[in-house]
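A short write-up of the structure that comes next.
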């Protein structure tokens, strides 16, 4: 599967819109058949670990490891996660890291497409960051109880420039949570973008944002491919 931007986005004047607030949300990013194939792969053929934060450090917990935990350990870890989240620090969601090497599948095709010279040049024109040389990627799955607290994406080691969220969620209701919420520097909420299908959200890494809590009554997971256009190689 050779991914490609929808033709109307290739030469559209997206940069002028992006520069207004260093963020933009685009609709119908991929041809429908490609978006549908990626959506199916994320929902039915991708294995996710649990990405979270406790004991003052990030953690990646596999399904196999989680199944070995007893009830007491699981409750203790959840207590620590909740304590951090109450102070505005933390996250819990499903994550599948995507690499340029490995199995021939839609996710590998996606990261190769993002790292093609055509897409990197498109990101440079869009953002004005002429030093962009790579794009990282991970598949994410948010289920009820998952969240990502308020933060920015500045990372000097990775030299992140522009964050992106490629979203695959049909008929998502905003009451279910999972909103990409933006904030002022003092923590005041600004506005929020609800998960969509075949949408691409791009924003400068200095923007403070979160993914709001997925409610217990959300009937399906929130799926996306996320990452950063960077000035450092992968």
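Laboratory data are not the source of any read-out in this text; all were calculated from the coordinates shown. On a predicted model such as this, the values are computed, not experimentally measured, just so you know. Counting neighbours? That spans all protein chains shown, and the Cβs are built from the backbone with ideal geometry, glycine included.
Take the alpha-carbon centre of region 155-190, take the same for region 89-131, and report the distance between them in whole Å. Each part reduced to its Cα centre gives a spacing of 16 Å. With axes computed from alpha carbons, what is the tilt in degrees of helix 117-127 against the longest principal axis of the chain, rounded to the nearest 10 within 0 to 90? The angle comes out near 80 degrees. Spin-label model, residue 20/residue 184: points 7 Å from Cα along the beta carbon direction are separated by 2.0 nm.
Within the listed set 30, 202, 166, the residue fluctuating most in the Gaussian network model of the chain (springs between alpha-carbon atoms under 10 angstrom) is 30.
Rounded to the nearest 0.05, the FRET efficiency derived from the C-beta distance between residue 100 and residue 121 at R0 = 22 Å is 0.80.
Per-residue counts of other Cβ atoms within 10 Å, averaged by peptide: what ranking do you get for 204-210, 118-124, highest first?
Working: 204-210: 18.3, 118-124: 16.3.
Put in order of decreasing packing, that is 204-210, 118-124.
Any chance you could give the angle, 0 to 90 degrees and rounded to 10, that helix 71-86 forms with the longest Cα principal axis of the chain? Approximately 50 degrees, to the nearest ten.
With runs of 4+ DSSP H residues as the only contributors, calculate the mean residue ellipticity of the chain at 222 nm using -39,500 (n - 2.57) per run, divided by the residue total and rounded to the nearest 500.
Values: 7 runs with 67 residues, N = 234.
After summing the helix terms and dividing by residue count, I get -8500 deg cm²/dmol.
Its relative contact order, with pairs defined as Cα atoms under 8 Å and 6+ residues apart, puts the chain at 25 percent. Put a dot 7 Å past the Cα of residue 143, heading toward its Cβ, do the same for residue 82, and the two dots end up 1.9 nm apart.
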